[in-house]
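Only one structure is covered here, and it is reproduced in the block below.
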Amino acid sequence: MEMINALGRRKASVARVYLAKGDGKILINGKDYKAYFPQVHVQANITQPFMAAAIESGIYDLTVNVNGGGFKGQAEAVRMGIARALLKLNEDFRKPLKEQKLLTRDAREVERKKYGKPKARKSFQFSKR
């Protein structure tokens, strides 16, 4: 099996995922994923596509390059990239991955600040007199 690559995006984060046969190592920007994402609930995000597709994560090695955004956006970008890579590996994984919405791009991004306002939509207090 050759190396499979996929792209995942969320908010301002972009993750490039490279999947190959191996012994289950997940490296994110050169570090183990447990060291890169120390929060346990975020680590669960990374392994969610394997659980959805009923694959034991010890079969494939993952190398991920991720940049932009914060840790939550990066984790969800990695999750989407892994799901897309698994889909390229085997088309039968589409149904379980789609049911958990792992293939859907969440396009919500931060709205820009407008002039004359303190934030994107918040206005200053109105005074009639």
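The values are calculated or read from the model by the stated rules, or taken from the named source; none is laboratory data. None of the values given here were measured: they were computed from a predicted structure. Positions of Cβ are backbone-derived with ideal geometry, glycine not excepted, and every protein chain shown enters the neighbour counts. Keep in mind that these areas ignore ligands, DNA and RNA; they rest on the heavy atoms of the full protein, side chains included. Shrake-Rupley method; radii C 1.70, N 1.55, O 1.52, S 1.80 Å.
Tell me what the chain gives for mean residue ellipticity at 222 nm when only DSSP H runs of n ≥ 4 count, each as -39,500 (n - 2.57), the sum divided by the residue total, rounded to 500 deg cm²/dmol.
So the calculated ellipticity at 222 nm is -9500 deg cm²/dmol.
If you work out log10 I(q)/I(0) by the Debye sum over Cα atoms at q = 0.11, 0.15 Å⁻¹ from the coordinates, which of (1) -0.43, -0.67; (2) -0.36, -0.69; (3) -0.60, -0.81 do you get?
Given (1) -0.43, -0.67; (2) -0.36, -0.69; (3) -0.60, -0.81, the calculated one carries the label (1).
Straight-line reach from Lys98: which lysines fall under 16 Å, measuring Cα to Cα and dropping same-chain residues less than 8 apart?
Result set, ordered by chain and number: Lys88.
Quantify, in whole percent, the carbon and sulfur part of the accessible surface of the chain (1.4 Å probe; protein heavy atoms only).
53
Can you give the accessible area per residue of the range 1-112, in Å², using a 1.4 Å probe?
Here the residues of the range 1-112 average 56 Å² of exposed surface.
When only C-alpha pairs under 8 Å and at least 6 residues apart count, what is the relative contact order of the range 32-106, in percent?
Across the range 32-106, relative contact order equals 33 percent.
What is the packing order of peptides 23-30, 79-86, 42-49, taking the mean over residues of other C-beta atoms within 10 Å and listing the highest first?
79-86, 42-49, 23-30
In terms of modelled amide H atoms, which long-range or inter-chain residues lie less than 5 Å from the amide H of Ile26?
Excluding prolines and chain starts, which carry no amide H, the hits are Tyr33, Leu62.
Points 7 angstrom from Cα along the Cβ direction at Lys88 and Arg108: gap in nanometres?
Here the answer is 2.9 nm between the modelled labels.
From the C-alpha coordinates alone, can you work out the Kirkwood hydrodynamic radius of the range 57-129, in Å?
That comes to 15.8 Å for the range 57-129.
Rounded to whole Hz and in sequence order, give me ³J(HN,Hα) for the range 18-27 from the Karplus expression 6.51 cos²θ - 1.76 cosθ + 1.60, θ = phi - 60°, writing x for Gly and Pro.
Result, rounded to whole Hz: 10, 10, 8, 4, x, 10, x, 7, 10, 10.
Cross-link list Lys72/Lys119; Lys31/Lys101; Lys95/Lys119: which exceed 31 angstrom alpha carbon to alpha carbon?
Lys95/Lys119
Mind checking which lysines have their Cα closer than 18 Å to the Cα of Lys122? Skip sequence neighbours fewer than 8 apart in that chain.
The reachable lysines, counting only those whose Cα sits under 18 Å from Lys122, are Lys113, Lys114.
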